[in-house]
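Bear in mind that the values in this text are calculations on the coordinates, not laboratory data. Keep in mind the model is a prediction, meaning the values are calculated, not measured. Every residue, glycine as well, gets a Cβ built from its backbone with ideal geometry; the counts of neighbours run over all protein chains shown.
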Amino acid sequence: MDAAAINEILAKFPEVKGNLIGILHEVQNYFHYLPEEELRYVAKKTGVPITQIYSIVNFYNRFSLKPKGKNEVCVCLGTACHVKGAEKVMNEMQRVLAIKAGETTDDMNFSLEEVRCIGACSLAPAVVVNEDTHGKVTPRQVGQLLAKYKV
Ligand code: FES
């Protein structure tokens, strides 16, 4: 359990009230998911019941209780992207990464998710990697795109 990392995160939020989601975001950014032991430590240090923390975690699908890869790849399969061939982009992502949507590569480099409309329909088909939006992605570009993020 990495208490030092949690203490550092909590130090950024002197007021817990109204900041719990922000705290959980920081914990997830640090670990790439929300480890149970660390969540229990957050509960202990903040005085927020662990049940309340879990209800927040379960409500927002941005939060994950399962380990995620260092890079989160989200392929949009919303209507506009679907029409522009997003399915083929997703198939190529799955082929190159050798995982299915919802899974993480064994080397923990990538997690692959499907999402529905990220509000970038004019860029369809769109892919988001971490904070970067990539537009008009073709299956042929997938390998090159992923290579930029591989560590
Ligand atoms: S449908 Fe993909 S960005 Fe809107």
Taking the Cα atoms only, what angle lies between the long axis of helix 36-46 and the longest principal axis of the chain, rounded to 10 degrees?
50
Quick one: helix 86-97 against the long Cα principal axis of the chain, what's the angle to the nearest 10°, folded into 0 to 90?
70
Hey, can you grab everything whose amide H is under 5 Å from the amide H of E113? Only 5+ residues off in sequence or another chain; H modelled, so Pro and N-termini drop out.
V73, C74, V75, G102
For the range 22-35, what does the Karplus curve 6.51 cos²θ - 1.76 cosθ + 1.60, with θ = phi - 60°, yield as ³J(HN,Hα) per residue in whole Hz, taken in order and with x for Gly and Pro?
x, 4, 5, 4, 5, 5, 5, 4, 6, 9, 6, 6, 10, x
So for V83, V27, fewest C-beta neighbours within 10 Å to most, what's the order?
V83, V27
So what J values fall out for the range 122-138 if you push phi through Karplus, 6.51 cos²θ - 1.76 cosθ + 1.60 with θ = phi - 60°, rounded to Hz, Gly and Pro as x?
5, 9, 4, x, 10, 10, 10, 10, 6, 9, 9, 9, 10, x, 6, 6, 10
Looking at G85, G102, V75, which one has the Cα that reaches farthest to the positive end of the dipole of the range 71-147 (charges on Cβ: Lys, Arg +1; Asp, Glu -1)?
G85
Could you please rank E15, E37, E113, placing first whichever residue has the fewest other Cβ atoms within 10 Å of its Cβ?
E15, E37, E113
Roughly what angle does helix 50-59 make with the longest principal axis of the chain, taking Cα atoms, 0 to 90 degrees, to the nearest 10?
20
Within 10 Å of each residue's Cβ, count the other Cβ atoms and sort Y41, Y54, Y60 from fewest upward.
Y60, Y54, Y41
Using only the Cα atoms of the chain, what semi-axes does the equivalent ellipsoid have when each is the square root of 5 times a gyration tensor eigenvalue? Give whole Å, largest first.
33, 16, 12
Cβ charges +1 (Lys, Arg) and -1 (Asp, Glu), total dipole of the range 3-59, debye
160
How large is the dipole of the chain about the Cα centre if only Lys and Arg carry +1 and Asp and Glu carry -1, each at its Cβ, rounded to the nearest 20 debye?
360
Given the DSSP H assignment, sum -39500 (n - 2.57) over each helix run of at least 4 residues in the chain and divide by its residue total; what's the result at 222 nm in deg cm²/dmol, nearest 500?
-12500 deg cm²/dmol
Violations at 20 Å Cα threshold for listed pairs K100/K150; K17/K70; K84/K150 -> K17/K70; K84/K150
quick note, the chain, DSSP beta bridge pairs, % antiparallel (nearest 5) is 55
